[in-house]
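The values are calculated or read from the model by the stated rules, or taken from the named source; none is laboratory data. Bear in mind that the values here come from a model prediction, so they are computed numbers and not experimental data. We place every Cβ from the backbone using ideal geometry, glycine too, and count neighbours over all the protein chains shown.
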Amino acid sequence: MTTPDEQQNPPEPSPTGPQPATPQPGYSQPGYPPPPYATPPTGANPPYPQPPSPPTAYGPPPGTEKNWMGVTALVLSLAGLFTGITAIGGIVFGHLSLSAAKRGEADNRGMGVAGLVIGYIIVVLGIIALIALFAIAGWFVSECAGDNPPEWCDVTIESS
């Protein structure tokens, strides 16, 4: 509905067409508030708080401070191929590495698993080798002991 003043004095159209609204300084769209991430106009204090600066990180990144356990498990287990006894340390550090990875303190779970598996395999093979050694030694002692040992049990060294 129009008022009596608008009926008597209608607005005159511009010869170039409708004029755009004058833009507000610092904003891209007139009449809308700036988004929270926009830069404030120069020379004015922002009407919103500044985002906090990111914390400064010292030390290793999160989740890697106990990666040494997985590496140690793998190295000790592989050294157990030659020494035998270090495979037990590989098993211990393999379990510690897996629990650290579960807590998020390490991100090399695969190395811990590899050290653990290799360590267990070496320990099991070592136990089997010891059982075989004792079985062979027991058989040899039972054959060569007694009153009538076979000829191959009599080892005499002749002196010249």
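So which of Leu98, Leu133, Leu78 is under 32 Å from the mean Cα position of the chain (by Cα) and free of Cβ contacts under 8 Å to residues at least 24 places away in the same chain?
Values: Leu133 fails: under 32 Å from the mean Cα position of the chain (by Cα); Leu78 fails: free of Cβ contacts under 8 Å to residues at least 24 places away in the same chain.
Going through Leu98, Leu133, Leu78 in turn, the sole match is Leu98.
Let me confirm something: among Pro47, Pro40, which residue is at pLDDT below 70, over 15 Å from Ala101 (Cα atoms), surrounded by 10 or more Cβ atoms within 10 Å (Cβ to Cβ) and not acidic (Asp, Glu)? Quick ask: steps written out before the conclusion?
Values: Pro47 fails: surrounded by 10 or more Cβ atoms within 10 Å (Cβ to Cβ).
Step by step, each of Pro47, Pro40 is checked, and only Pro40 is at pLDDT below 70, over 15 Å from Ala101 (Cα atoms), surrounded by 10 or more Cβ atoms within 10 Å (Cβ to Cβ) and not acidic (Asp, Glu).
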- Task: Return the only residue of Val124, Val92 being buried (at least 16 other Cβ atoms within 10 Å of the Cβ), closer than 28 Å to Val71 by Cβ and of a type outside the set (Asp, Glu).
- Result: Val92
